[in-house]
Amino acid sequence: MYECSTTIMGNVITPLTPRTLTSSGVQVAGFTVVSTARVFDKDKNEWRDGTKLFVRVNCWNRAAANVVATLSKGDPVVVHGDLYNTEYTTKEGEAKTALEMRARAVGLDLVRYAPEAETTVEATPMTEVVDNLTTVAFEDTTSEIKDVA
């Protein structure tokens, strides 16, 4: 199998589907990520959605359990893994190819993630931080340096 390691940033667009392989007992979880390019439209002077990349992500073993416990449909994610094509036949008998990824690492994209229950952390004003700094005086030791040469 040809493997191409890459990282994809996008959103989970399907419910997570956990399953256990009956022959080996190995846990697998799958979900689909869509990554949408952002394109600047110079004529309208605004950003718009560009092309979309859809990738089916498969997580194995401990990663499968952790993904099911952590992620939900709609979450922004960063996924790193190996890309490959899967060939399948539709119910109508049409041969198709899909892009899939075997995930090596999966995480929430915390830049775009908005938790349901927002917590507010009080920040210390910068003026207080500066006022609390202490000044340390260093002794002038340059006179002690002797010419060794």
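Relative to the current alpha-carbon distance between residue 105 and residue 72, full extension at 0.36 nm per residue lengthens the span by 10.3 nm.
Note that segment 45-57 has calculated 3J(HN,Hα) couplings of 6, 8, 8, 9, 6, x, 5, 10, 10, 9, 9, 7, 10 Hz, one per residue in order, obtained from phi through the Karplus relation 6.51 cos²θ - 1.76 cosθ + 1.60 (θ = phi - 60°); glycine and proline are x.
Give, as a single signed number, the net charge of other residues whose beta carbon lies under 15 Å from the beta carbon of residue 82, with Lys and Arg counted +1 and Asp and Glu -1. With Lys, Arg at +1 and Asp, Glu at -1, the net is +1. If a spin label sat at a point 7 angstrom from the Cα of residue 11 along the line to its beta carbon, the backbone N atoms of segment 68-109 nearer than 15 Å would be those of 72-78, 109.
Taking other residues whose beta carbon is less than 12 angstrom from the beta carbon of residue 103, and scoring Lys, Arg as +1 and Asp, Glu as -1, yields +2.
Say R0 is 22 Å: what FRET efficiency, to the nearest 0.05, do residue 89 and residue 61 get from their beta-carbon distance? Efficiency, rounded to the nearest 0.05: 0.15.
With a 10 Å radius around each residue's Cβ, average the other Cβ atoms per peptide and rank 16-24, 77-85, highest first. Don't jump to the answer; show the numbers that get you there.
Numbers: 16-24: 11.1, 77-85: 17.3.
Peptide ranking by packing, descending: 77-85, 16-24.
Every number here is computed from the coordinates shown, using simple stated rules; none is lab data. Source: prediction; values computed, not measured. So basically every Cβ, Gly included, is an ideal-geometry build from the backbone, and we count neighbours across all protein chains shown.
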